[in-house]
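Just so you know, all these numbers are worked out from the coordinates, no wet-lab data involved. Just so it is clear, the structure is predicted and the values come from calculations on it, not from any experiment. Here the Cβ is made from the backbone with ideal geometry for all residues, glycine too, and neighbour counts use every protein chain on show.
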Amino acid sequence: MKFGVVVFPGSNCDHDAFCAIGGVLGRPVEYLWHRSENLAGCDAIILPGGFAFGDYLRTGAIARFSPVMKSVAKFARSSGLVLGICNGFQILCEAGLLPGAMTRNRGLRFLCQQVHIRVESTDTPFTSAAQRGQILKIPIAHMDGNYFCDGATLDELERENRVIFRYTTPDGRNDDDGNPNGSLANIAGICNRERNVLGLMPHPERAVEAPLGSADGLVILRSMVDSFVRRIAIPA
């Protein structure tokens with residue numbers, strides 16, 4: 001399984017993602033420049049965190065027009081795995097690949113800290129190796145991570161079981177104490193209707209080794225690998 005990590009001007013977590021995939025998981029991985037429409041035969045695409053194009057206008061508002069996003073959208077429509085992390089989640093929302101929008105954090109402060117998120121569904125290629133209700137300790141680093149959508153969209157996300165991660169307290173309560181940024185319904189990550197595109201604000205690529213404070217991010221990355229392996233093992 002080969003991963004591609006898209007690099008936008010202003011990306012600063014692309015190296016983290018590259019090292020997590022190549023150095024820790026030991027899987028082939030390649031950088032993909034944002035001006036190219038060639039996905040280099042990758043089986044999964046990661047839109048990393050950072051400040052694409054300086055986050056001018058809005059987070060992800062300019063990056064969504066990069067040529068590579070045409071290919072990412074086509075890749076997603078053909079059931080390819082797309083993971084948007086932090087700024088990547090913001091870009092997916094701006095590109096219309098995921099619903100909703102990101103607003104400024106409650107308190108209007110940049111947050112860089114460990115948080116806890118609860119796995120709400122294992123019925124995705126990104127959580128198949130997890131247990132429903134499992135609590136993961138993963139860091140955040142964002143200013144615009146306050147997820148918002150209208151009531152009809154929230155009802156749809158809940159009805160279709162597309163809220164994949166929620167912020168919680170360490171013991172799994174999804175009350176206000178566990179919500180670092182004010183995100184609607186404690187939402188930390190959602191998927192598309194087809195369940196092959198996931199966006200989340202926490203950084204799993206920064207939680208892949210115990211010395212980093214947690215290795216819980218591997219649950220997400222290994223799920224992607226396991227799901228892909230199972231898919232190609234099933235006869236056509």
Legend entry - Distance histogram in 5 Å bins (all Cα pairs of segment 99-183, percent per bin): 3, 15, 21, 24, 23, 12, 2, 0
Legend entry - Relative exposure of 15, 142, judged by other C-beta atoms within 10 Å (fewest first): 15, 142
Inset, instruction - Rank 12, 146, 179 by mean-square fluctuation in a GNM of the chain with C-alpha springs under 10 angstrom and give only the top-ranked residue. - result: 12
Legend entry - Backbone HN-Hα couplings from phi across segment 51-68 [Karplus 6.51/-1.76/1.60, Hz, Gly and Pro as x]: 9, 3, 6, x, 6, 5, 6, 8, 4, x, 5, 8, 4, 5, 8, 4, x, 4
Inset, instruction - Loop sites only, by DSSP: take the GluC sites (Glu not before Pro) in the chain that have at most 14 other C-beta atoms within 10 Å and name the longest stretch containing none of them. - result: 38-159
Inset, instruction - Find, among the chymotrypsin sites (Phe, Trp or Tyr not before Pro) in segment 75-136, those assigned to loop by DSSP (not H, G, I, E, B) with at most 14 other beta-carbon atoms within 10 angstrom. - result: 110
Legend entry - trypsin sites (Lys or Arg not before Pro) within segment 108-166: DSSP coil, no more than 15 neighbouring Cβ in 10 Å: 109, 132
Legend entry - Taking segment 1-160 and dividing mean pair separation by its residue count, relative contact order in percent (alpha carbons under 8 Å, at least six apart): 19
Inset, instruction - Kindly state, as a whole number, the per residue volume in cubic angstrom of the convex hull around the alpha carbon atoms of segment 127-175. - result: 112
Inset, instruction - Provide the gained length on full extension for the span residue 57 to residue 159, in nm with one decimal, where the gain is 0.36 nm per separating residue minus the Cα-Cα distance. - result: 33.5 nm
Legend entry - Local electrostatic count at residue 68 - Lys and Arg +1, Asp and Glu -1, tallied over other residues with Cβ under 10 Å: +1
Inset, instruction - Could you tell me whether segment 180-219 comes out rounded, prolate or oblate from its Cα gyration tensor? Rule is a ≥ b ≥ c as square roots of the eigenvalues, rounded for a/c under 1.5, then prolate if a/b exceeds b/c, otherwise oblate. - result: oblate
Legend entry - Low-density loop positions, trypsin sites (Lys or Arg not before Pro), segment 170-204 - DSSP coil, at most 15 other Cβ in 10 Å: 173, 193
Inset, instruction - Rank these for me by crowding, 2, 74, going from fewest to most other beta carbons within 10 Å. - result: 74, 2
